[in-house]
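Worksheet: one structure, shown below.
The values are calculated or read from the model by the stated rules, or taken from the named source; none is laboratory data. For clarity, every value in this text was computed on a predicted model and none was experimentally measured. Ideal geometry is used to build each Cβ from the backbone, glycine not excepted, and the neighbour counts take in all protein chains shown. Remember, those area values only see protein heavy atoms, side chains included, never the ligands or the DNA or RNA. Shrake-Rupley method; radii C 1.70, N 1.55, O 1.52, S 1.80 Å.
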Amino acid sequence: LEDGDPLKGFELSFLSLSGVDDSVSPRTLCDISQEFSFVEWGVNFRAEKQGREPRYASLAWLRLLQEEIDRRQQSGKFAPIHFAAHLGGEYCVDVLKGDTSLVRTLWEDYGFLRVHLCPTRAHGVNSSQLKKYLPTLKNVIVALPQVEFVLLVTKETRPLTFQLMNDCQPNLAFLYDAEEAEEASSQGEKNGAGGASGSSTGTSQPSKFRRPPPCPHPGIHCGYGGGLSSDNLASELRSIARAVGPTRRPVWVDLETGLRSRGPGRPDEFDLGKAWACIRTVFDLDLPRPRPTFASR
């Protein structure tokens, strides 16, 4: 990386590739993870969709995953494989209400070290009174210090997430979902402003997504998602690096929709080709990995 490149010194804790389902073999995921330790796989959980819709792996698939990991552990040639559970619908609400049972099962039986909570209408959660869950959710976070809890940060979830930021727990993290800023971008174009550069060469390539600065507490793990794809990952990583600024704290990025493909008989399929393209992008950038931390043990 050249001097002046926003990615100079930028630390990436994970490239999280989410929405894996029955269309991709657990063995393939494990093979990739053995070679690229920065990859994390995101598995969506929502009761009414599990195993019935794309992006939601079946329980049978999860058992195959568990068996594959057990087999590799017994062979003695095994590097840690990173998985994150993304909870929506009633699964998410139960955790908000203080129920630790599902998270304990995911951690103890399947090895999920990170659990995303997605309390938005798009994820099947009534978000009108999220703030009332503050005390019960904090109880869950404190009760399971071995799990990193990730809260989705959007305009919709701010009543809850901003309160949690004021009293951060060491195993609490935040994922910033991009908010489209087309109006700001078009205004900048009208005024002749260049916007965010898509490369270190200074080429004007405004991002249509706003990447807010991370939670000001330097010890809190933060991530960015929304609007990311194999085509724009390098340029959006630079936008994220600018948002993070000179603090150079480690962050992760999460992709889901940008990894899907559609074709005859395949209306919404996890595309391993796109996943590989993202892995190559990160590998070729040779970004420094942070020292092992809570989130990457």
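Using a 1.4 angstrom probe on the protein heavy atoms only, could you order Arg280, Arg260 from most to least accessible area?
Solvent-accessible surface, decreasing: Arg280, Arg260.
At 1.4 Å probe size, with every protein chain present, just tell me what the per residue accessible area of the chain comes to in Å².
It amounts to 46 Å² per residue over the chain.
From the gyration tensor of the Cα coordinates in the chain, what semi-axes in whole Å does the equivalent ellipsoid have, largest first, with each one equal to sqrt(5λ)?
29, 24, 20
When only the heavy atoms of the protein chains count and the probe is 1.4 Å, how do Arg121, Arg46 rank by accessible area, highest first?
Arg121, Arg46
Can you give me the C-alpha center-to-center distance between segment 16-94 and segment 227-272, rounded to a whole angstrom?
Using only Cα atoms to place each centre, the spacing works out to 18 Å.
What does the charge dipole of the chain about its Cα centre add up to, to the nearest 20 debye, if the Cβ of each Lys and Arg holds +1 and the Cβ of each Asp and Glu holds -1?
Value, rounded to 20: 520 debye.
With every protein chain left in place and a probe of 1.4 Å, what is the accessible surface of Val142, to the nearest 10 Å²?
Roll a 1.4 Å probe over it and Val142 shows about 90 Å².
Over the alpha carbons of segment 1-40, what is the largest minus smallest coordinate on each principal axis, giving the biggest first in Å?
Cα spread of segment 1-40 along its principal axes, largest to smallest: 43, 19, 14 Å.
In debye, nearest 20, what is the charge dipole magnitude of segment 45-186 about its Cα centre with +1 on Lys and Arg Cβ and -1 on Asp and Glu Cβ, if you could check?
300
Roughly how many percent of the accessible protein surface of the chain is carbon and sulfur, given a 1.4 Å probe and a whole-percent answer?
50
Please report the accessible area of Lys155 (heavy atoms, 1.4 Å probe, ligands and nucleic acids excluded) in Å², nearest 10.
Accessible area, nearest 10 Å²: 140 Å².
Could you tally up the Lys pairs in the chain with alpha carbons closer than 14 Å? Skip any pair fewer than 8 positions apart unless they're on separate chains.
Value for the chain: 4.
Say the dipole of segment 53-161 comes from +1 at the beta carbon of Lys and Arg and -1 at that of Asp and Glu; which of Gly76, Pro119, Leu65 then lies farthest toward its positive end?
Pro119
Amide H of Asn44: which non-local residues (sequence gap of 5 or more, or other chain) have their own amide H closer than 5 Å, using H built in the peptide plane?
Gly19, Val20, Ala57, His86
What number, rounded to the nearest 500 deg cm²/dmol, is the helix-based mean residue ellipticity at 222 nm of the chain, given -39500 (n - 2.57) per DSSP H run of at least four residues and division by all its residues?
Dividing the helical sum by the residues of the chain leaves -10000 deg cm²/dmol.
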